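Trainee: Can you keep this structure in mind? I'll have questions shortly.
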Amino acid sequence: ISALAAVAGVSEEELEPRLASLVRRELLQREMDARSPETGHYGFVQALIREVAYNTLAKKDRKRLHLAAARYFESLENEEIAGALASHYLAAYASAGETEEADALATQARIALKAAAARATALGGFSQAANFFEQALTVTTDESEQAQLLEQAGTAAQTAGRVADAEALIRRSLDLRIKLGDRNGEAGLIGLLGWMLSSSFRADEASDLIEPALDRLADVDDQAALAWLKSYAASVRVRRNENESALPLIEEALDTAEHLGLMELLARSLLTKSSVLNSLGRLREALSLALATRDISAEFGYTEMQLRGYNNLASMYADLDVRRSLELNMEAIALARRSGLRSALLQLTSNAGYTGFMAGEWDAVLPPMEAVLQEDLSPRDHLQVLNNAIIIRAALGQDVAAQMADLENTASEMSGTLVQSFIDDPAANQALALGDDARASDLFGAMYSTSLAAAPEYTYRASLAAIWAGDVAQAETHRREFEKTGGTGSMRDARSAVLEAGISALEGQTVQSANLFRDSLRNWRAVGAVWDEALAGITMAQLLNPRDPEVADVIASTREILTRLRAKPYLERLERAASREIEAPTQAKKPARRAEVAVGD
């Protein structure tokens, strides 16, 4: 009642009987539930009544009442009602018409809307923040300020996962910067837009935009703007697998960021350098930079960049320790939810899907992906989430043909080296589940040429699928590529042991093979790689004597994993291998060639 009395300009004592009369006439209703936070509040019985009442007011009265409401809210000094305050100033401006007061009201509305956007951002309401910035545009005539508001709205929309809206807003801001001759602003926006395009797997379009700008804007006087452009350009080159050419740009951006104290730029550039080093096969260095990115971002409050650091850490740990990789993903997902960072949340949900696949936590990671796929997603997010959902669905024995067609259609308008891997990976897993081992080997083999970061996993999977197909030559070809990737750790040792064991078994060296399988299983278990442990168990069952006590024990533990996962096609494959008849032992085949291969590696 106090708020209404302040707006109406009457005392509460005078107001109460009027409100009671309106309640009796069933125009208003009063909340009487003591459990409700709105206990004692009045409201219209129907929205239609409210609209009719509002429309009976003359514009002059509307403006006066909106201003009274705004000033009352201001007197409360409560940041929680910033949005309501802004809406009243905006409505007062709309009712002012072509009056002398309109400009002053526009200024007040603009200030209030910016404050509301800042408050929404602080609370993780990035989509709402974008809307407030866009509303501020309606009360702004200065083109320089419009460009700034468009940039702020676009950045907020991007963070909220509204990719198409973000691109449109940034393009409008860029057009204004160019019109105004603001080359410093142009440099920053071209970099941002290029990064946004490449993040949406439109790397060729991003490159066409950003590469000419590096030369055209090289003489801008704002070194920070130029450094941001270089950092973004490096990210675009990484998306195009042009990693070595990205490094000089990153170093220049890092130098400027460090000397000018631009900590957000420093964090972003360190993360890009981490991606480059990982793609060049320098995993441990890449890990240290991703960790630095996460920690610097946390220290200075750059939550979105902190989550990207988490994302890189989790992705790289997937090649070292699957259990730790999943833990990092889950930590980041919790932070993204708390912070309202939807774009980051979608990325992390997708990545957790694949890590959860390898960790054997399918029931934990598939439902969130399924739920996300029901939302209105950008093509980029749809591609990333669907890709990993298909991999698990295929392993469950589901028909994924329609989903694969959807995936290919989504990717058809995209570019960059990563896009094809989003198709080949689920297609390879689909082929493996269907028993088409040769096709699976070919598809996995096609993936590892994209970067050294992908090579350790996919050279391994290509060779393993060839082993399942009984193709020693192809298995050897992929195994040699795997050995070239280098690296250390239990994951590396497990993969190497499985490939050696499988090829040895195909060549009749069963004793050596059994020892190697034993080593691989120990390492898979050490890093929590449940799915790869199961695949190693299937390989062992297919190539060694299932009646052997040690092999029988592995078959039993593998059966337990596959049953829990409900991996029907793989369980059927295991049972076929376990029940097959075994021929009499034969002598080892081609031992000399094996020795030559070992020396040649």
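Trainee: Working carefully through the options D442, D425, find the one that is of a type in the set (D, E), touching a Phe, Trp or Tyr at 6+ places or on another chain (Cβ under 9 Å) and either modelled with pLDDT under 95 or in a helix (DSSP H, G or I) (or both). Even if it seems obvious, please write down each step before you answer.
Mentor: Numbers: D442 fails: touching a Phe, Trp or Tyr at 6+ places or on another chain (Cβ under 9 Å).
Among D442, D425, only D425 is of a type in the set (D, E), touching a Phe, Trp or Tyr at 6+ places or on another chain (Cβ under 9 Å) and either modelled with pLDDT under 95 or in a helix (DSSP H, G or I) (or both).
Trainee: Shifting gears a bit: Of the numbered conditions (1) under 19 Å from M414 (Cβ atoms); (2) part of a helix (DSSP H, G or I), G353 fails exactly one; give the number of that condition.
Mentor: (1)
Trainee: Which of the residues that make up region 506-526 are over 17 Å from D321 (Cβ atoms) and among the aliphatic types (A, V, I, L, M)?
Mentor: The answer is L506, V511, A514, L516.
Trainee: Within region 143-260, considering only helices (runs of 4 or more DSSP H) that don't extend past its boundaries, which have at least 3 residues that are within 21 Å of T303 (Cα to Cα)?
Mentor: Working: elements: 143-159, 163-179, 183-199, 203-216, 223-239, 243-260.
Hits in region 143-260: 143-159, 183-199, 223-239, 243-260.
Trainee: Tell me, which helices (runs of 4 or more DSSP H) lie completely within region 37-134 with 1 or more residues that are acidic (D, E) and surrounded by 13 or more Cβ atoms within 10 Å (Cβ to Cβ)?
Mentor: Values: elements: 47-55, 59-76, 82-96, 101-122.
Fully inside region 37-134 and qualifying: 59-76, 101-122.
Trainee: Next question, about the same structure. Please count how many residues of region 444-481 are under 14 Å from L418 (Cα atoms) and hydrophobic (A, V, I, L, M, F, W, C).
Mentor: 7
Trainee: Please count how many residues of region 553-585 are free of Cβ contacts under 8 Å to residues at least 40 places away in the same chain and not in a helix (DSSP H, G or I).
Mentor: Of region 553-585, the ones free of Cβ contacts under 8 Å to residues at least 40 places away in the same chain are 553-560, 562-563, 571-572, 574-584.
Remaining after also requiring not in a helix (DSSP H, G or I): 579-584.
Qualifying residue count for the region: 6.
Trainee: Six or more apart or on different chains, Cβ under 8 Å: which pairs go from a residue in region 124-149 that's on the phi < 0 side of the Ramachandran plot to one that's among the acidic types (D, E) and assigned to a helix (DSSP H, G or I)? Could you list them?
Mentor: A130/D165; L149/E134
Trainee: Which residue is nearest to E167 (Cα to Cα), if the candidates are limited to region 367-381 and must be open to solvent by less than 50 Å² (accessible area, probe 1.4 Å) and in a loop (DSSP other than H, G, I, E, B)?
Mentor: Here is the first cut: in region 367-381, the residues open to solvent by less than 50 Å² (accessible area, probe 1.4 Å) are 368-369, 372-373, 377-378, 380-381.
Of the ones still in play, those that are also in a loop (DSSP other than H, G, I, E, B) are 373, 377-378.
Working: L373: 22, L377: 15, S378: 12 Å.
Selected residue: S378.
Trainee: Let me ask something additional. Condition first: under 38 Å from the mean Cα position of the chain (by Cα) and not in a helix (DSSP H, G or I). Now tell me which residues in region 489-523 satisfy that.
Mentor: G489
Trainee: Please work out if L260 is surrounded by fewer than 17 Cβ atoms within 10 Å (Cβ to Cβ) and of a type in the set (A, V, I, L, M).
Mentor: Against the criterion (surrounded by fewer than 17 Cβ atoms within 10 Å (Cβ to Cβ) and of a type in the set (A, V, I, L, M)), L260 qualifies.
Trainee: Now, a different point. Is there any pair with a first residue in region 460-488 that is in a helix (DSSP H, G or I) and a second that is open to solvent by 60 Å² or more (accessible area, probe 1.4 Å) whose Cβ atoms are under 6 Å apart and which are 6 or more apart or on different chains, and what are they?
Mentor: E483/D601
Trainee: Of everything in region 196-210 that's touching a residue at least 24 places away in the same chain (Cβ under 8 Å) and more than 23 Å from A156 (Cα to Cα), which residue is most open to solvent (accessible area, probe 1.4 Å)?
Mentor: Going residue by residue through region 196-210, those that are touching a residue at least 24 places away in the same chain (Cβ under 8 Å) are 196-207, 210.
When the remaining residues are screened for being more than 23 Å from A156 (Cα to Cα), the result is 204, 207.
Values: D204: 71, S207: 15 Å².
Applying the filter and picking the extreme gives D204.
Trainee: In this structure, does S21 turn out to be open to solvent by less than 40 Å² (accessible area, probe 1.4 Å), under 28 Å from G125 (Cβ atoms) and among the polar types (S, T, N, Q)? Full working, then the answer.
Mentor: Numbers: open to solvent by less than 40 Å² (accessible area, probe 1.4 Å): yes; under 28 Å from G125 (Cβ atoms): no; among the polar types (S, T, N, Q): yes.
In short, no.
Trainee: For region 280-291, give me each residue that is of a type in the set (A, V, I, L, M, F, W, C) and either touching an Asp or Glu at 6+ places or on another chain (Cβ under 6 Å) or open to solvent by 30 Å² or more (accessible area, probe 1.4 Å) (or both). Can you show your working first?
Mentor: In the first step, residues of region 280-291 are kept if they are of a type in the set (A, V, I, L, M, F, W, C); the result is 280, 283, 286-287, 289-291.
Across region 280-291, the qualifying residues are L280, L283, L289, L291.
The values are calculated or read from the model by the stated rules, or taken from the named source; none is laboratory data. Because the structure is predicted, anything quoted here is derived from the model rather than measured. Neighbour counts run over all protein chains shown; Cβ positions are idealised from the backbone, glycine included. These accessible areas exclude ligands, DNA and RNA; they are computed on the full protein's heavy atoms, side chains included. Shrake-Rupley method; radii C 1.70, N 1.55, O 1.52, S 1.80 Å.
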